1. Return the inverse of the average 1/r over all pairs of distinct C-alpha atoms in region 23-198, which is the Kirkwood hydrodynamic radius, in Å to one decimal.
2. Name the GluC sites (Glu not before Pro) in region 214-311 that are in a loop by DSSP and that have at most 11 other C-beta atoms within 10 Å, would you?
3. How large is the Rg to Rh ratio of region 243-287 when both quantities use alpha carbon positions and Rh follows Kirkwood?
4. Expressed as cubic angstrom per residue, what is the convex hull volume of the alpha carbon set of region 444-570?
5. In whole Hz, what ³J(HN,Hα) sequence does region 492-499 give by Karplus (6.51, -1.76, 1.60; θ = phi - 60°), x for Gly and Pro?
6. Return the loop-located trypsin sites (Lys or Arg not before Pro) in region 439-494 (DSSP other than H, G, I, E, B) with at most 16 other Cβ atoms within 10 Å of their own Cβ; answer none if there are none.
7. Too long at a 25 Å Cα-Cα cut-off: which of LYS80/LYS163; LYS124/LYS229; LYS342/LYS381?
8. Principal axis lengths of region 515-555 from Cα atoms, whole Å, largest first?
Amino acid sequence: MYRTNLLTFLCFFLFNYLCNAESEKGFPYYEEYLQKSDFRGFINDAKEYLNKNQESSLAPRLAYDLMIVGKAANDVDAIKKATSLLLFTYPKSLPSVNFISSFERGSPRFAELLKAKVDEGDLKEKDFAVSFCRALLFISRAQGPDLLKDKSLRLRAHLLAQKAGVDEILLTTQKILNESAKENSSYGRIVKILISEQNNLQKIKEISSIGGKDANFCVQFLLAQLNEKESKSEEMAVFRINQAIFSKSPNPSLALKLISKLPKQKQNTGKIQFIKSIALHFDERSDDAINNLKKIASSNQHSKQRKEWAKSFSDGLQSKTNRKSVLVDSLGKAFDLIDQEKDALCVEVGYKTKQDENYKIFIFFDKITPLMEIQVRKSEKLQFAYRSTKESSMIFDPEEQNMVQFESSGALPIPKFSIIREIETGSFSYNFNLNFGNSFDELFREGASVMDNAYLSTPKGRSVLLNHILEKNVVWLGVPQKVKLGTSFPVLSYSEQKDTVSESSISFDVEGRLLSLSIGNFNIGNIQTGSKDLLKKLPALNDFPVVKKEKFDFTLFMKILGDASKLVKN
């Protein structure tokens with residue numbers, strides 16, 4: 001016992017001596033700074049000490065202190081540096097264990113932190129990949145593998161484990177990713193491209209067209225793996241030009257600089273000159289953009305289609321102010337008339353699939369009865385039908401080819417739509433969610449609230465929104481055209497991924513009511529308002545045998561609705 005106590009005392013004395021030795025070398029103890037409320041002084045000194053003495057035995061403790069003080073001072077950079085050190089430099093230290101244990105097993109917050117660390121890391125360096133994998137394995141042994149249930153973290157872990165050569169992680173991720181590649185989703189497409197035999201340049205181009213955080217990370221990871229020859233290739237230069245122009249935060253000056261460095265022959269191609277015009281427009285040099293587009297339109301070196309696009313785009317830029325003003329006024333009148341509309345609404349939507357199959361969707365709402373009915377037909381043949389009132393509901397069962405009638409109200413789609421402007425960037429985000437309820441009051445209230453958004457309900461808001469669309473996207477207004485019942489406004493847009501211009505349109509009748517809206521393969525037309533007699537405009541549903549049930553079957557409803565949505569997605 002005596003010897004044990006003596007040994008303990010000597011170890012404690014030695015530890016104190018080492019601490020004092022560190023202190024003499026300028027070790028920053030946060031207590032001394034906080035007595036004077038000098039948060040900034042501690043943060044600066046702690047960073048400097050850690051930069052110079054990363055191997056110090058007290059460095060893990062100082063990293064933890066830096067994190068705590070950084071949180072108190074709301075210093076994001078200090079927190080980032082401290083947590084990176086705890087996770088990747090000192091993962092097995094007591095302060096790091098304490099930090100990791102502050103998160104619950106499988107914590108979504110911890111998964112988000114680790115994803116952020118990867119996204120901020122040096123993806124070119126193998127050392128970073130090794131450090132991350134080492135930290136992830138330590139966390140998994142301490143808390144279990146629940147964190148890797150987060151598919152975005154799993155994707156990042158897989159790529160870094162490949163780079164670091166950590167088979168223990170790859171054994172966990174590879175099988176799951178192979179299954180994910182079969183998913184019909186953005187994530188599934190990303191994984192499918194990643195595990196394909198294509199070279200990195202081709203993978204970068206294809207994944208960049210998908211968009212989203214996972215796609216952006218994969219692009220950055222693959223870019224970091226390119227060798228010098230690949231990185232300096234003409235193909236890569238064009239990709240970076242497109243990134244500079246078509247990203248969420250465009251950098252047109254960089255794009256123009258990169259274009260000027262391309263070989264002259266490449267610079268003078270129709271596509272690059274068209275992209276240059278876009279960069280000039282985004283750089284608030286619209287006059288230069290118009291002149292360049294006119295050169296494309298008058299040159300014999302470019303294709304007929306490219307010349308037509310250039311002529312249309314230059315005309316759109318020149319007439320932007322007047323056309324925008326007319327469209328804003330027309331939208332305003334249409335929105336005002338919506339507020340005065342009748343009790344019932346009937347809309348017909350046309351849709352063409354990639355296989356050239358034509359679908360028609362009929363939608364009917366009656367606020368007085370109240371009643372809602374939706375039909376989906378393919379070449380006149382019924383694919384989906386659903387009707388609900390306050391007292392009863394009915395759905396078409398395509399497998400049994402009968403109508404199932406319920407003696408109770410059914411589920412009602414409750415849409416929620418918002419337009420929000422980001423203060424930092426000035427860009428807009430559009431959010432749409434569809435929930436289900438059983439209240440007609442809520443359905444009509446939420447539908448009406450869409451028009452309460454300031455960017456739709458006020459002239460100034462509409463002007464700001466439309467101006468943003470025309471200034472920050474490759475979108476322009478064509479020449480308004482007279483149509484059978486009113487006026488149509490063509491809206492043209494350029495897709496860099498497909499290198500093509502597509503045309504949408506919005507039409508108003510002579511009284512100013514919205515007549516139709518055409519976007520891509522969708523055409524919303526034959527919009528009618530009036531009384532409940534409009535229901536007669538829909539095709540009849542009395543050609544099928546009827547099966548009666550007492551209680552609404554939500555499970556059957558969701559199954560049939562899910563099958564119907566797959567038809568339209570194809």
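1. 17.6 Å
2. Listed in order of number, the matching sites are GLU284.
3. 0.96
4. Taking the convex hull of the Cα positions in region 444-570, it is 217 Å³ per residue.
5. With coefficients 6.51, -1.76 and 1.60, one gets 9, 9, 9, 9, 5, 5, 9, 6 Hz.
6. LYS484
7. Over 25 Å apart, Cα to Cα: LYS342/LYS381.
8. Here the Cα extents, ordered largest to smallest, are 40, 27, 19 Å.
Where a number appears in this text, it was derived from the coordinates with a stated rule and is not lab data. Worth saying up front: this structure is predicted, and the values here are computed from it rather than measured. No Cβ is skipped: glycine too gets one built from the backbone with ideal geometry, and neighbour counts run over all protein chains shown.
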